[in-house]
1. Quick check, is Lys105 surrounded by fewer than 16 Cβ atoms within 10 Å (Cβ to Cβ) and not aliphatic (A, V, I, L, M)?
2. May I ask you to list pairs of residues, at least six apart or on different chains, whose Cβ atoms are under 9 Å apart, with the first in the stretch 10-25 being in a helix (DSSP H, G or I) and the second being at pLDDT below 90 and open to solvent by 70 Å² or more (accessible area, probe 1.4 Å)?
3. In the stretch 157-176, how many are free of Cβ contacts under 8 Å to residues at least 60 places away in the same chain and not basic (Lys, Arg)?
4. Give the residues of the stretch 2-20 that are within 12 Å of Val42 (Cα to Cα), at pLDDT 90 or above and more than 23 Å from the chain's Cα centre (by Cα), sorted by residue number.
Amino acid sequence: MKMKDKILGEERRSLLLDRLINAEGPITGGELATLANVSRQVIVQDISLLKAKNHPIMATSQGYVYLNKEANEQKLHERIIACSHNPERTEEELTILVDHGVFIKDVIVEHPVYGDLTASIMVGNRNDVKEFMKKINQHNAAYLSQLTEGLHLHTLQADTSEKLDLACEELSKAGFLVKE
């Protein structure tokens, strides 16, 4: 068996871009590194270069996603909500949302030095929730909300405003929503 050659420079970035544009879902940096026969660090640099050329690539907890115009033009209803809870309730919060057909786009916290910090979550079903939680636990990572004693915002999307309303109603009953 012949050892696979590295794919160099622009040719590699073109391959990565093509793979991301045509992907059905997120692609991990490790998968892209294997595809191009380079290190994960080279992929991180390539993605940065592609972003610098205005390609709408987002890093999520599940991998890289190319944000295509057709998907962004879908008539999605979007809402930002304020929540507060301890880290142990994160899975419960996310599960309530996805069980109502809601997509959790991100989490936002207000840092006293850096201002608003936003992290992509990109969770839309129970499997995504499990994978997100698994990654948090595998890396022993802290939640952004721990910087703000549990207070955080989520950007939510759904195909109807009713789904957002029902999800928020249940979050409120469960004590997640911050009252005005």
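The values are calculated or read from the model by the stated rules, or taken from the named source; none is laboratory data. Computed from a predicted structure; not experimentally measured. Cβ placement follows ideal geometry from the backbone for every residue including glycine, while neighbour counts extend to all protein chains displayed. SASA here: full protein model, heavy atoms, side chains in, ligands and nucleic acids out. Shrake-Rupley method; radii C 1.70, N 1.55, O 1.52, S 1.80 Å.
1. On the way: surrounded by fewer than 16 Cβ atoms within 10 Å (Cβ to Cβ): no; not aliphatic (A, V, I, L, M): yes.
No.
2. So the pair list comes out as Arg12/Lys6; Arg13/Leu49; Arg13/Lys53.
3. Selection size over the stretch 157-176: 4.
4. Step one: of the stretch 2-20, the residues within 12 Å of Val42 (Cα to Cα) are 6-9, 12-13, 16.
This time we only want the ones that are at pLDDT 90 or above, so: 12-13, 16.
Residue satisfying the conditions is Arg12 alone.
For every residue, the table says whether it meets (1) farther than 30 Å from Glu169 by Cβ; (2) open to solvent by less than 30 Å² (accessible area, probe 1.4 Å); (3) not in a helix (DSSP H, G or I).
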| residue | (1), (2), (3) |
| --- | --- |
| Val42 | yes, no, no |
| Leu49 | yes, no, no |
| Lys75 | no, no, yes |
| Leu94 | no, yes, no |
| Val98 | no, yes, no |
| Val109 | no, yes, yes |
| Asp116 | no, no, yes |
| Ile121 | no, yes, yes |
